[in-house]
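Below is one structure, written out as structure tokens, with a few remarks after it.
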């Protein structure tokens, strides 16, 4: 139970930083997601009782906003922009190429080893460079399916080297 | 108390020692293309070459100043590098070019032709010459891309916070509201409501506490004007907020920024902190009785939060669902207190009005829509990027003069390729060739079924299917519908299914009147702007491209060749049998022997277009 203790200690720190203010629910959830890469269910319940609001309310907010995830995401998150500018510049081709490369079937977003999660986002605001994708925090512009696959290869190479 | 004059003097004095200034664009677009690496390389290479270069303005620093700026707008040609006072603009700069730039241009004032923007054989030296810049009218964006957005003193040196000081000390709240109303400034977020009137509505409320919120939740796909302003000149937004706070009687404010805009969040947070440290924010600003505190709040990814009441709900820590109006936020907003909510660009425009007066502002633009508007110009045009033009400019001016024309799939300019422009995002509509000379202002656009919206202009060429565009926006609004109103929640879903059927060739003629009927019902039966405007892309494409809908329905054909269910890839007689496509095809759908014409197995083909793109002989077509 040691690890659980550490887990809740982090949550307590985040709650304290936000002075147990229920209006700060969104920043609190953001900080927790930053820490764990998703929102674990037991933590949502813990937050609800700490802030003295119902678990349904916390769950409601957590599921309302696209940024929050209730399932663990991959180590590397690839966000393919499917905003208008990227869409008309054929971003769909990028998604197909990446899913194909990582062996993801329709409806699947994360690889089995949880190394990659592929998501689409509505707009990254780098429309001048459409089509665009974001790998972790790096924006890559003027993409083609070939270039996108190469980016994945680079990461796979780095991951392989670490092992 | 902060003394603006002494800051201006000290920045000027230290600036005298600076002989040259090299500005690297550090907007999201250029950073994606590696501009920060170029910046690092400038610092190290200058040291190696013995060039006196600094990254900070200080009295003892004499020589060249290396600085970063916000978005310079010419995104497609990034990373951008400006050299002042020479007025040189280099495009697509890489780390490999740094040494040459320092040796030739910084040391010896030589121009490196190969790094200049060139088109059709003409080489353009800098912003003064490049048509993309020359044909704009940049006032809100003037400092974006010049000053260092992370240095509050530079903003002050360029005349910053003078309008805020004037508003706090010399002007009464009503005076400010009247002046902004007289200037004719209308909300830049889409609605076009007169800003002065909005402020006055909050001002007349008698409440112990009032709030002001800057709406930087720019969720409209294909638009990045607010991002650029927040990244490039964050202090102009803060200054606008201080003026708005004084005008409405608010003492607390929020800047709500989309979480997807990581750099804008970071810059805005730093700007707020610097403003607090310098005493521009806090108690008794500029020695007046006005106090104002400000904090930055990150959104969590919901388009509907751009709607005022939904935005307020999400600041309160609730699901971002809109509420019926009235009561308007001006009467009862955040924590049920009178609240003003303004768009980023609107706020950044306000200091200009206070500084130069309502008349000067009115002299730009049209009578009912004065001033300038920034547009994010994207899609199939030669030069994409961020532009600013007077309201009332024409599409022809923007698409052909500023941006250099419409491009085809291979990025070659071809005037005849123009098909439509989508303006105003998922709430807006499309404009066609017939609208190329229409005045782009709030009222004219409304008349033709479109809207200025936040200012996204997506140019489409003949390869874009308009039914598909309508479907794209419907998919977006259906995803983003918060679910509160039945007609919006279920209506967008049903409209999307209908559009799907059309693009897959499964619909009959009765679908068009049904689609129109439902579209109008969703318009009437939804509470907020998202639902009320959700059907606009459908109605406007139906209005201007009805034939294209019928081609899908009656002829089971997509005239633009985009709807995948209705097209097939065909290998023509141009095929020489090189086998490249057989190897590239991810599903092994192409059979062929070397030297003989290949064939595609339609059953296996997933229509990924890899074969067409890899064919060097243009032998594969869509049909």
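No lab work stands behind these numbers, since they all come straight from the coordinates. All of these numbers come straight from a predicted model, not from anything done at the bench. Every residue, glycine among them, receives a Cβ derived from its backbone with ideal geometry; neighbour counts consider all protein chains shown.
Once a ≥ b ≥ c are taken as the square roots of the eigenvalues of the Cα gyration tensor of the stretch B:544-602, is the result rounded (a/c under 1.5), prolate (a/b larger than b/c) or oblate (a/b not larger than b/c)?
prolate
Over what distance in Å are the Cα centres of the stretch B:564-621 and the stretch A:34-100 separated?
If we compute the Cα centre of each part, the gap is 38 Å.
Regarding the stretch B:372-464, what are the three Cα extents along the principal axes, ordered largest first, in Å?
35, 22, 22
Over the stretch B:152-361, what is the relative contact order in percent, taking alpha-carbon pairs closer than 8 angstrom and at least six residues apart?
Contact order relative to length: 31 percent.
How large are Rg and Dmax for the stretch B:205-250 when calculated on the C-alpha trace, in angstrom?
Reported Rg and Dmax, both Å: 13.2, 40.
Given the C-alpha centroids of the stretch B:277-295 and the stretch B:119-138, what is the distance between them in whole angstrom?
Here the answer is 41 Å between Cα centres.
Where does the stretch B:568-622 land on Rg(C-alpha)/(2.2 N^0.38 Å)? Walk me through the intermediate numbers first.
Working: Rg = 9.5 Å, N = 55, 2.2 N^0.38 = 10.1 Å.
So the Cα radius of gyration is 0.94 times the expected 2.2 N^0.38 Å.
Quote the relative contact order of the stretch B:568-622 in percent (integer), defining contacts as alpha-carbon pairs under 8 Å separated by 6+ residues.
So the answer I get is 46 percent.
Considering only DSSP beta bridges with both partners in chain B, what is the antiparallel share in %, to the nearest 5? Don't skip to the end; give the middle numbers.
Details: 37 of 67 bridges.
In chain B, approximately 55 percent of DSSP beta bridges are antiparallel ones.
Considering Cα pairs under 8 angstrom that are at least six residues apart, work out the relative contact order of chain B and quote it in whole percent.
Relative CO of chain B lands at 11 percent.
Taking neighbour counts of Cβ atoms within 10 Å as a proxy for exposure, in what order, fewest first, do B:118, A:91 appear?
By the 10 Å Cβ count, ascending: B:118, A:91.
For each of B:14, B:340, count neighbouring Cβ atoms within 10 Å of the residue's Cβ, then give the residues from fewest to most.
Fewest to most other Cβ atoms nearby, the residues stand as B:14, B:340.
Could you work out how much longer the chain between residue B:504 and residue B:618 gets when fully extended? Use 0.36 nm per residue separation minus the Cα distance between them, nm to one decimal.
38.4 nm
Using only Cα atoms, locate the centre of the stretch B:161-189 and the centre of the stretch B:226-259, then give the distance between them in Å, rounded to an integer.
14 Å
What share of Cα pairs, in percent, lie more than 36 angstrom apart in the protein assembly as shown?
Here the long-distance tail beyond 36 Å is 47 percent of all Cα pairs in the protein assembly as shown.
Semi-axes of the equivalent ellipsoid of the stretch B:467-554: what are they in whole Å, largest first, if each equals the square root of 5 times a C-alpha gyration tensor eigenvalue?
On the way: eigenvalues 92, 27, 24 Å².
Output for the stretch B:467-554: semi-axes of 21, 12, 11 Å.
Can you work out the base-10 log of I(q)/I(0) for chain B at q = 0.10 1/Å, using the Debye formula on its C-alpha atoms alone?
Debye output, listed in q order: -0.97.
Please order A:34, B:40, B:603 by the number of other Cβ within 10 Å, starting at the fewest.
B:603, A:34, B:40
Report the normalised scattering of the stretch B:12-130 as log10 I(q)/I(0) at q = 0.14, 0.15 Å⁻¹, calculated by the Debye formula with identical scatterers on the alpha carbons.
For the requested q values the scattering log ratios are -0.54, -0.62.
Can you pull the Kirkwood radius for the stretch A:110-155, inverse mean 1/r over Cα pairs, to one decimal in Å?
After inverting the pairwise mean of 1/r, the radius is 11.5 Å.
How would chain A be classified by its alpha-carbon gyration tensor: rounded, prolate or oblate, with rounded meaning a/c under 1.5 and the a/b versus b/c comparison settling the rest? Could you put the intermediate results ahead of the total?
Values: a/c = 2.55, a/b = 1.77, b/c = 1.44.
In terms of gyration-tensor shape, prolate.
Using Cα-only point scatterers and the Debye equation, what is log10 of I(q)/I(0) for the stretch A:2-64 at each q in 0.25, 0.27 Å⁻¹, rounded to two decimals?
At q = 0.25, 0.27 Å⁻¹ the computed log10 ratios are -1.12, -1.32.
Would you mind classifying the stretch B:189-317 by shape? Square roots of the alpha carbon gyration tensor eigenvalues, ordered a ≥ b ≥ c; an a/c under 1.5 is rounded, otherwise it is prolate if a/b is larger than b/c and oblate if not.
Numbers: a/c = 1.77, a/b = 1.23, b/c = 1.44.
It is oblate, given that a/c is not under 1.5 and a/b is not larger than b/c.
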